[in-house]
Structures are given as C-alpha cells and as structure tokens.
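**Q** Pasting a structure below so you can have a look.
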Amino acid sequence: MRHKLILTLLILGIGLSSVGLLLGLATSQAQAVIAAPINITTGGEIWQSPTVSPTLVSILGPGEGVVGQPYTFTATVEPVSTTLPLTYTWQASGQTPVTHTGGLTDTVSFSWDMTGTQLVTVTASNISDSVSDSHVITITAPTYKFYLPTVFKNYSFVETGKIIFVSNRDGNDEIYSMNVDGSAVARLTNNGSEDLSPDWSPDGSKIAFDSDRSGEDEIYVMNADGSNQTQVTTMTHCYSPQWSPDGSRIAFYTRQDNNNIIYTMNPDGSGLTMVTDPAMSGYDPYWSPDGLKIAFYSTRTTAGIYVVNADGTNQTLLLASSDIVYFAWSPDGTRLALSKTVPPTYNFDIFIYDINTGITTRLTNTQSNHNSVDWSPEGHHLIFNSNLDDVSNFEIYTMTSYGTEIMDISNNPAADAEPDWTR
C-alpha cells in the first residue's frame, strides 16, 4: 500500500520533499521550510498554502544601564506558524537603524554615551503584514566615584590646572585665580572698578577680561599673574572676550545703537573684524575647538544658538531655544553645555546638548541657579557658579560631565562667579 501511495503522488507531480512531509518523514530542515508558502500542482491546478501574518512582536531587554556599556535586546514574533522569512528593523535613540532578516527571534545590541531615557523599537514584517513593539531603558552615569584632581587608569589625562573667576570678596568685582581644588587663591586685579568675564589664553599665559575702569566697558589683556594690564579696545560697551583656540584672535561683542555686534581682533586690539550683522544682535561668542567657527546666542528672528564662520560667512541656526542663559562648546566639538531656565520655577539648571544626535540631557535637577557653565580642558568635567548650598551666595562648583560629584571649590561667604579653567 505504501509503495502504491508514493507512486500515485509521483504521478500527481508532487516532489519527494512533499512526500516526506505528507508521510511525517521530513527532517528538521524540512520542518523549518514549512513556514514558507508551498505550491503544489495537481492535475494542472496550483494550490498555495495560506500565508500566516505576525500578530505580535515582543522586546526583551534591560530597563536600566550605564553609559558606554552594550546592552542586548531580543525580539520574539508570534504565532510560531508565522510565514518566514521575517525582516526586523531596529531603531534606538541616537543610533543608526539596524535591519536583520531571519526567523521567529532576533537580537541586537546598542550602547549610549549620554545619560537619559532611551527608546528602543523594532518592527517585524513578512510578505503579508508587520507588527511593532517598543522598550525603554534608562541610562545613568557609572556608579564609581572620583574626585578632583582625577587620574583614570588606562587614560592619559589628569584634570589639573588653574581656574580664574570673579569675586567681590574684597569689596568689588575683581579677578582671582586658584588651583582646581580651591587652594592657592590669588587676587589678580585690584581697583575700584568692575573686572569681569575673564578668559584664559590657550597656553595659560594671558587673560582677557572686560572692565569699566576707564569709565567705559572695554576689553583688557593681562599676564597670568595679573601684571601688564592693557586696554585693547576703544569702542565702548565691549564684553565677553574669548580667545581663539590657537591664541591668535580674541572674539567679543559690543553694544552699539541698541544692537549687539560680534567682532574678532588680534590680542593687541589690531585687525578688528566684524563677524555678525548688527541686525542679528548676537552676543556671548564661543569659538569652535578647531577655531573655524564662532557660536553665539541671539534672540532675534528665531531665538537660539547660531554658528558662523570666523570670517562672518555662512551663519546657521544650531539650536533653537529661548531658555538658554549660558552655553559652552565641548573641547571635542561634539556637545554644548547649557544653562537653561526651567519652568515652573524658572531656575537655571545644566544640560548637555549632543550636536550629532540633537538629544538634550538634563544633568542637574534642583531649585538653585547654575550659571556660567564651562568645560574643563579635557572635557571630562564642567565648572560653573551656583547658589546650591546657600540661596544667598554663589560659589564655584565642579562636577563630572555626567552630572555626578558636584563639589564646591571656592567656599567663601562672598559671591564667586564666571569661572574659566586652563591646563
């Protein structure tokens, strides 16, 4: 009887593999193929097995993680009779989409270099339908602790150097310097006027600042020890000087006819060049790490941070926001540190904006005001002034670029502000 059945099937045009399936003699490989549509020709007519659509895909993965570590996520499709093959398209916050083709399960790994809530999604599809699922993972900073000055094994940096800042501890706003741990405080300026916005030259040998000691706000340059204080502008209403990364130019802004205008100049005040149009009213210039561009803030047209070539060409909007109070470009050029107003209390908290992904991550969440945020030379720490410990007094603080290990390093009953860090 069995031989007669096989002969009959062969006559009907059914292949030997189909015979094996009908007789229950198929191998595991043949069983895997059964999920695909089967075409059988009998008596000149074609019969096709029905296509089974996926009805559910589920992601299994961790709900928490730390910066820099890879995490694996697994997607499983139901029902088990779903027609194969399946195409899996994975997407994750700040990541490039990943596509795989395979069976009822698929895996992928992602890692993140920033803290915050990250979303992982997958879409599984076959020739008839598709289903999707999402999964949330919260990425935090590593749990290890470290203090300034900091030395990491397997890294070649040590976060040391000097910090300059403004303080009224001697009666009016003067410029001081100190070590990164708050020791060796030295007064660099000493006059009855306000000396503000100090900025180290890249080699740490000079300091640019603005002062009203002449009766008008002008830009000055002095040696790192406070000697040879020299006025280098005569335009009036000049503020916020910042050295270019190679030390050859200083950017600043001046307020003329109710408009802010950004200029660059040589360190001695010569070679004055207008960078922004008066109608743009840009202020607080900040050089890109390669020295080719200057970022600035403007509230004209669309409020936010703009970027312009150092010669004034190709002005573009980098980050639209009306809440930014201070910002600073990271030494590697990939991020902006931001001090932003936060409703409903409208205090100033610190955020990191990733230029490549467009993701903004909040680092501080307090009722205090964190101002004048800037980076350490290596980019592993932030420095800022805050009234975190005493609402009536601002101190200089440091913390990691992940928002951990906040430390008061000035610790003085007077107001300390506008810090800048050099090697």
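The values are calculated or read from the model by the stated rules, or taken from the named source; none is laboratory data. Keep in mind it's a predicted model, so treat the numbers as computed, not measured. For neighbour counting, all protein chains shown are included, and Cβ atoms are generated from backbone atoms with ideal geometry for every residue, glycine included.
**Q** When only residues in the range 60-80 that are hydroxyl-bearing (Ser, Thr, Tyr) and surrounded by 13 or more Cβ atoms within 10 Å (Cβ to Cβ) count, which is nearest to Ala124 (Cα to Cα)?
**A** Of everything passing the filter in the range 60-80, Thr76 is nearest to Ala124 (Cα to Cα).
**Q** State all residues of the range 213-230 that are surrounded by 15 or more Cβ atoms within 10 Å (Cβ to Cβ) and either within 21 Å of Met274 (Cα to Cα) or free of Cβ contacts under 8 Å to residues at least 40 places away in the same chain (or both); if no residue qualifies, say none.
**A** The answer is Arg213, Asp217, Glu218, Ile219, Tyr220, Val221, Met222.
**Q** Return the residues of the range 154-178 that are under 33 Å from the mean Cα position of the chain (by Cα) and modelled with pLDDT under 95; say none if nothing qualifies.
**A** Selection gives Asn154, Tyr155, Ser156, Phe157, Val158, Glu159, Thr160, Gly161.
**Q** A further question on this structure: Does the range 294-309 hold any residues that are in contact with a strand residue (DSSP E or B) (Cβ under 8 Å, 6 or more places away or on another chain) and part of a loop (DSSP other than H, G, I, E, B), and which are they?
**A** Matches in the range 294-309: Thr302, Ala303.
**Q** Going through the range 349-386 one residue at a time, which ones are without any contact (Cβ under 8 Å) to a residue 24 or more places away in the chain, part of a strand (DSSP E or B) and more than 18 Å from the chain's Cα centre (by Cα)?
**A** Across the range 349-386, the qualifying residue is only Ser386.
**Q** Could I ask something else about it? What are the residues in the range 189-209 that are more than 31 Å from the chain's Cα centre (by Cα) and within 15 Å of Ala417 (Cβ to Cβ), if any?
**A** Those that are more than 31 Å from the chain's Cα centre (by Cα) and within 15 Å of Ala417 (Cβ to Cβ): Thr189, Glu194, Asp195.
**Q** Looking at Thr404 and the list (1) β-branched (Val, Ile, Thr); (2) assigned to a strand (DSSP E or B); (3) surrounded by fewer than 22 Cβ atoms within 10 Å (Cβ to Cβ), which single condition is not satisfied?
**A** All conditions pass for Thr404, except number (2).
**Q** Which members of the range 93-117 meet the condition of being among the hydroxyl-bearing types (Ser, Thr, Tyr) and either surrounded by fewer than 15 Cβ atoms within 10 Å (Cβ to Cβ) or without any contact (Cβ under 8 Å) to a residue 60 or more places away in the chain (or both)?
**A** Across the range 93-117, the qualifying residues are Thr96, Thr99, Thr101, Thr105, Thr107, Ser109, Ser111, Thr117.
**Q** Of the residues in the range 163-198, how many are among the hydrophobic types (A, V, I, L, M, F, W, C) and under 16 Å from Tyr397 (Cβ atoms)?
**A** The number of residues fulfilling the criteria is 7.
**Q** Still on this model: Could you list, in sequence order, the residues of the range 327-341 that are assigned to a strand (DSSP E or B) and of a type outside the set (S, T, N, Q)?
**A** Phe327, Ala328, Trp329, Arg335, Leu336, Ala337, Leu338, Lys340
**Q** Considering only the range 407-418, state which residues are crowded, with 20+ Cβ neighbours inside 10 Å and closer than 15 Å to Ala184 by Cα.
**A** Ile409, Ser410
**Q** Got a sec? Which of Ala328, Ala295, Ala303 is touching a Phe, Trp or Tyr at 6+ places or on another chain (Cβ under 9 Å) and farther than 22 Å from Trp375 by Cβ?
**A** Checking each option against the conditions leaves just Ala303.
**Q** Further question on the same structure: So Gly291 clears everything in (1) surrounded by fewer than 19 Cβ atoms within 10 Å (Cβ to Cβ); (2) in contact with a strand residue (DSSP E or B) (Cβ under 9 Å, 6 or more places away or on another chain) except one condition, right? Which one?
**A** (2)
**Q** Taking Ser339 and the conditions (1) buried (at least 16 other Cβ atoms within 10 Å of the Cβ); (2) more than 11 Å from the chain's Cα centre (by Cα); (3) over 21 Å from Ser410 (Cα atoms), which numbered condition does it fall short on, given that it satisfies the others?
**A** Answer for Ser339: the failing condition is (3).
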